[in-house]
Amino acid sequence: MQVYLEDLNEQQRAAVLHINGPLMIVAGAGSGKTKVLTTRIAHLMHQGVDPFNILALTFTNKAATEMKERIERILGNNDARNLYIGTFHSVFAKILRAEATKIGYPSNFTIYDTDDAKSIIKEIVKDLNLDDKIYKPAFVYNRISAAKNSLLNAAAYINDSVIQQEDARGNRPMIGEIYLRYENKCFKNGAMDFDDLLFKMFTILHAAPDVLAKYQHRFKYILIDEYQDTNVAQYQIIKMLGAVNENICVVGDDAQSIYSFRGATVKNILQFEKDYEDTKVIKLEQNYRSSKSILEVANTIISNNKNQIKKSLWTDNEHGEKIKVVRTLTDNDEGRFVADTITELKLRNHYDNKDFAILYRTNAQSRSFEESLRKMNIPYKLYGGVSFYQRKEIKDLLAYLRLVVNPNDEENLKRIINYPVRGIGKSSIDRMVLAANTHGITMWEVLQTPTSIGLKGAALAAAENFVVMLKSFQSMLEKENAYDIAFAVGKQTGLVAELYNDKSVEGLARYENIQALLNSIKEYTETPDEEGELHDKSLGNYLQQITLLTDVNNDDADKDAVSLMTIHAAKGLEFPCVFSVGLEENLFPSAMSLYDRADLEEERRLFYVVVTRAKSKLWISYANTRYRFGSLIQNDPSRFLDEIPEPYLDKTFTGSASKSNNSGLGIQFRADDKTPSSLKKLSEKIQQQAIPAHTPSANFTIADPSEIEVGQKVEHQKFGIGTVSAIEGASNNRIAHIDFGAGNGLKKIMLNFAKLSIVK
């Protein structure tokens, strides 16, 4: 037996030793698929297969590099350099360099990146005199990209009645014409965009039989990693290249097919056996990553999907802890709970920050976790995105809000004076800056007299309207709270509408982010302190809080940091401790997936992916309430929670307890805890600080908030006995004005949070 076969299990070895004919390796999470794939390539070469005859396709350059290095270590030579191994795009670009002249492109064709492509589309939109707010380059580019990945050229796009109806409903009937002009311009320029590297590869194989035959005979063995993530174009190209020898080996896991929004289709792996009748199927079901408890939960979850390749993961690892399901009152409580738990486990079990991952469904959810981690001085790293308060749309709205409070803030003024576009161009802004510097005044002062710097026509009107708008916001400072002003700014500036109208994947994410910010401001204005009292909720106070929060130095994040990312970004990774957060209906599963089985099954596969990222500890959390569009929404737990067997669950509730700690450590201690003495002392200290100044009556009974009425006498555990003088708001947002006399005076108290007893 070859040395490289010795540390493989039985199924892994069978996959490596299979030489000829189609092979599908169904590789469960944590089953060592990369090891099997690289060892299989090394074995083919050891058996005498010329590396020039092996094509191995991956989805990332990192994976390709890692595979080459492993193969070289196994064989002890440099023959791996002769392999055709890399991403679909890099390998096909290499082939197209040699063959592009067959379809009229030069061999030295340019490859346009996304920015280049969007720039050309922007020019075409302008040439066609179309509204660039409707025909946004990013949106049009995404439509063209999706078409190419479905192997539709511009002519086919224009002739497809279903697509044309979709564009018409979206008030964008000219996308087909833009696509045609874009296609012609790229060809004229001798350029291909990123999607063309697939589309033109298919085109050349289809149009030039000699090229197809050449590569069919060159690539005698084809191996594809992550086959469940392939799209229509990739599928068709592989089918054409492998048609002669049919020595096609695909490695993947249908249970981890989660990229349909990128054009990937799980059908490719589900129908592989139908495409190749003599397919050998080998299932890698032994998991080397997770505990038995976690795997049992994962198996049970995915068993609810109808369209799947049946398998059952197992492990020789220990049984492990139960999965903890945690219900919190709000999403901010959820953030505090996670930060508190990380702090506790680091002290108790000596974990490092890098042992923890917080995984969420959408990037907009990161805010509460970032804030809580910063408050606890826990370094973190955000993967696949930028920190919440560093995202462009967030900085744009905050720039407006800072200007409302301080119109002399020149940096923020320059940032948004022409965003959304209102006709104040660069030359006008340069004039303002020059005038301000020359006369030693601020840009805001210059804007008060725009004619003095020569503004006229549309630019003059835009500047005057901007000043009037900003002054109207400033007039709200005395009377309105932070949320009311922020809502008005988002609406009247057109910023929220700008984001809402962008229906691309990126546009949707930006809109979700801006809503998350507005919701957090709403929660800030309506959430009392631990006693139920509402403090000053002005815009100035809010901005001060945010500035202090976001100014925390996080430079050490790369060294030892908690990982924050979407579940999509977490695929392929693993962590000792995982927090799967936001398990609520309409969030996870997404509201857009609830009425289609295929979409719902993909959401379930997402949940399967997040569960199988955990090695030993897994928390699943959800919040009772979240603010959405400025309203407090009551959430139902995700339906996926009902699919987890009860014996594997440890259910916990945390809520007001986590809100009541001023130190940031909302740790709940039980009598049987083996708690470090330092934490016990801290707990005692917190409890001592929380002792109320007023001693509640012996018959103190917490009343139903709905029973509190104007004129009643009520007792508060801290402030004593007072009279309800007024009540404002409705349902969950009722705020009572209570006069507690000379001692504590008039307090505004949120009834849903306060603990009041009616004095009879």
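Some notes on this structure:
- For segment 283-439, the share of accessible area belonging to carbon and sulfur comes to 48 percent (1.4 Å probe, ligands and nucleic acids excluded).
- Accessible surface area normalised per residue over the chain is 45 Å², counting heavy atoms of protein chains with a 1.4 Å rolling probe.
- Nonlocal Lys pairs with alpha-carbon distance under 20 Å, segment 22-135 (8 or more apart, or different chains): 10
- In a reduced charge model with +1 at each Lys and Arg Cβ and -1 at each Asp and Glu Cβ, the chain shows a dipole moment near 720 debye about its Cα centre.
- Taking segment 566-616 and dividing mean pair separation by its residue count, relative contact order in percent (alpha carbons under 8 Å, at least six apart): 57
- Across segment 1-49, counting alpha-carbon atoms alone, Rg and Dmax equal 10.4, 31 Å.
- Estimated at the nearest 10 Å², the accessible area of Ser372 is 10 Å² with a 1.4 Å probe.
- In the chain, taking the dipole from charged Cβ atoms about the Cα centre, the farthest positive-side position among Leu295, Gln164, Leu606 is held by Gln164.
- Restricting segment 592-633 to trypsin sites (Lys or Arg not before Pro) in coil, as DSSP defines it, with at most 11 other Cβ within 10 Å: none
- Sequence-distant contacts, meaning Cα pairs under 8 Å at least 6 residues apart, place the relative contact order of the chain at 14 percent.
- These residues, Arg40, Arg289, go from largest to smallest accessible area, 1.4 Å probe, as Arg289, Arg40.
- In this structure, the amide hydrogen of Leu23, modeled 1.01 Å from its nitrogen in the peptide plane, lies closer than 5 angstrom to those of Ile248, Cys249, Val250, Lys280, counting only residues at least 5 positions away or on a different chain.
- Heavy-atom accessible surface of segment 74-176: percent carbon and sulfur, 1.4 Å: 46
- Computed accessible area, Met592, all protein chains, 1.4 angstrom probe, square angstrom: 140
- Qualifying trypsin sites (Lys or Arg not before Pro) in segment 290-379, where qualification requires a DSSP coil assignment and no more than 12 other C-beta atoms within 10 Å, comprise Lys306, Lys310.
- A Förster radius of 35 Å combined with the Cβ-Cβ distance from Lys62 to Asn465 puts the calculated FRET efficiency at roughly 0.10.
- Selection from Ile85, Phe487, Gln390, by position along the positive dipole direction of the chain (Cβ): Ile85
- Shape of the chain, Cα gyration tensor, a/c cut at 1.5: oblate
- Cα gyration tensor shape for segment 325-366, rounded if a/c is under 1.5, else prolate or oblate: oblate
- For segment 259-300, the C-alpha radius of gyration sits at 1.62 times the compact-globule guess of 2.2 N^0.38 Å, with N the residue count.
- For Leu130, the solvent-accessible surface computed with a 1.4 Å probe is close to 40 Å², ligands and nucleic acids excluded.
- Where labels lie 7 Å past Cα in the beta-carbon direction, separation of Ser697 and Asp132 in nm: 6.9
- Only beta bridges with both residues in the chain are counted; by DSSP, about 30 percent of them are antiparallel.
- About the centre of its Cα atoms, segment 234-320 shows a dipole size close to 260 debye [charges on the beta carbon of Lys, Arg (+1) and Asp, Glu (-1) only; nearest 20 debye].
- Largest-first ordering by accessible area, 1.4 Å probe, given options Ser312, Ser387, Ser621: Ser312, Ser387, Ser621
- Once backbone amide H atoms are built at 1.01 Å from N, Tyr380 has Val562 as its partners under 5 Å, excluding neighbours fewer than 5 places away on the same chain.
- Each residue of segment 632-645 is assigned a 3J(HN,Hα), and the resulting list reads 7, 9, 7, 9, 9, x, 4, 4, 5, 5, 6, 8, 8, x Hz, derived from the Karplus form 6.51 cos²θ - 1.76 cosθ + 1.60 (θ = phi - 60°), x at Gly and Pro.
- Only helical runs count toward this figure. For the chain, summing -39,500 (n - 2.57) over DSSP H runs of n ≥ 4 and dividing by all residues gives -13500 deg cm²/dmol at 222 nm.
- The longest part of the chain holding none of the exposed loop chymotrypsin sites (Phe, Trp or Tyr not before Pro), meaning those outside H, G, I, E and B in DSSP with at most 10 other Cβ atoms within 10 Å, is 1-594.
- For the chain, the longest principal axis of the Cα atoms and the long axis of helix 539-550 meet at an angle of about 50 degrees.
- Remark on Asn635: its backbone amide H falls under 5 Å from those of Thr625, Arg626, a criterion applied only to residues 5 or more positions apart or on other chains, H modelled at 1.01 Å from N.
- Cα→Cβ-extended label distance, 7 Å offset, between Tyr383 and Lys491, nm: 4.1
- When you restrict to C-alpha pairs under 8 Å that are six or more residues apart and normalise by the size of segment 283-420, the relative contact order lands at 17 percent.
The values are calculated or read from the model by the stated rules, or taken from the named source; none is laboratory data. These figures come from a predicted structure and were not determined experimentally. With ideal geometry, Cβ positions are generated from the backbone for all residues, glycine too; neighbour counts draw on all protein chains shown. With ligands, DNA and RNA removed, areas are computed over all heavy atoms of the protein, side chains included. Shrake-Rupley method; radii C 1.70, N 1.55, O 1.52, S 1.80 Å.
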